[in-house]
1. Identify, please: which residue in the range 119-129 is within 13 Å of residue 148 (Cα to Cα) and under 17 Å from the mean Cα position of the chain (by Cα) and is, among those, surrounded by the most Cβ atoms within 10 Å (Cβ to Cβ)?
2. Hey, among the residues in the range 64-85 that are in a helix (DSSP H, G or I) and touching a residue at least 12 places away in the same chain (Cβ under 8 Å), which one's surrounded by the fewest Cβ atoms within 10 Å (Cβ to Cβ)?
3. Scan (1) over 25 Å from residue 44 (Cα atoms); (2) over 14 Å from the mean Cα position of the chain (by Cα); (3) surrounded by 12 or more Cβ atoms within 10 Å (Cβ to Cβ) for the single condition residue 97 breaks and write down its number.
4. Considering only residues that are surrounded by 18 or more Cβ atoms within 10 Å (Cβ to Cβ) and at pLDDT 85 or above, look in the range 132-149 and name the one that is farthest from residue 50 (Cα to Cα).
5. Does residue 34 fit the bill of being surrounded by 11 or more Cβ atoms within 10 Å (Cβ to Cβ), at pLDDT 80 or above and within 15 Å of the chain's Cα centre (by Cα)?
6. Is it the case that the range 104-118 has a residue that's under 26 Å from residue 42 (Cβ atoms), crowded, with 18+ Cβ neighbours inside 10 Å and touching a helix residue (DSSP H, G or I) at 6+ places or on another chain (Cβ under 9 Å)?
7. Quick one: which residue in 50, 40 is within 23 Å of residue 147 (Cβ to Cβ) and part of a strand (DSSP E or B)?
């Protein structure tokens with residue numbers, strides 16, 4: 001049974017990649033999520049961090065069968081609860097309103113290091129929207145080295 005399942009998963013993965021290559025994105029957050037997944041598959045990051053208010057960007061990442069864990073950081077408790085139902089998504093609380101970019105990135109590191117999800121020196125890919133704390137604004141991604149001051 002193990003062999004059959006592994007072969008079925010290989011077939012699914014190859015078909016999934018072919019299907020994704022031809023997909024046209026109609027939303028910015030969907031396009032950023034696709035770029036993040038592509039980058040995670042081709043660059044050695046330990047995780048993707050989705051800084052999200054509504055949870056939509058983490059949902060897009062989950063749909064793409066990402067090979068690394070997705071840590072969804074959201075101030076909205078309802079969004080975090082919904083995200084527990086998505087494959088490979090692990091939600092955490094974070095404050096975003098009236099916070100500077102540096103404060104938010106420091107909090108991201110604190111959450112990841114405090115939960116022992118990464119260690120200093122690991123690289124993670126962060127998706128976020130600017131201005132911070134606004135609904136439906138995921139429009140950026142950045143690779144962050146944990147424990148190194150951000151510029």
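1. Kept after step one, since they are within 13 Å of residue 148 (Cα to Cα), are these residues of the range 119-129: 119-124.
Retained after the next criterion (residues that are under 17 Å from the mean Cα position of the chain (by Cα)): 122-124.
Details: 122: 17, 123: 15, 124: 23.
Filtering the range 119-129 for residues that are within 13 Å of residue 148 (Cα to Cα) and under 17 Å from the mean Cα position of the chain (by Cα), the one surrounded by the most Cβ atoms within 10 Å (Cβ to Cβ) comes out as 124.
2. Taking the range 64-85 as the starting set, the residues that turn out to be in a helix (DSSP H, G or I) are 77-83.
Cutting the leftovers down to touching a residue at least 12 places away in the same chain (Cβ under 8 Å) gives us 77, 79-80, 82-83.
Details: 77: 10, 79: 18, 80: 21, 82: 18, 83: 23.
Once the filter is applied, the top-ranked residue is 77.
3. (3)
4. 146
5. Details: surrounded by 11 or more Cβ atoms within 10 Å (Cβ to Cβ): yes; at pLDDT 80 or above: yes; within 15 Å of the chain's Cα centre (by Cα): yes.
The answer is yes for residue 34.
6. For the range 104-118, residues under 26 Å from residue 42 (Cβ atoms), crowded, with 18+ Cβ neighbours inside 10 Å and touching a helix residue (DSSP H, G or I) at 6+ places or on another chain (Cβ under 9 Å): present.
7. Values: 40 fails: part of a strand (DSSP E or B).
Going through 50, 40 in turn, just one is within 23 Å of residue 147 (Cβ to Cβ) and part of a strand (DSSP E or B): 50.
The values are calculated or read from the model by the stated rules, or taken from the named source; none is laboratory data. Quick caveat: nothing in here was measured; it's all calculated off a predicted structure. Cβ: placed from backbone, ideal geometry, glycine included. Neighbour counts: every protein chain shown.
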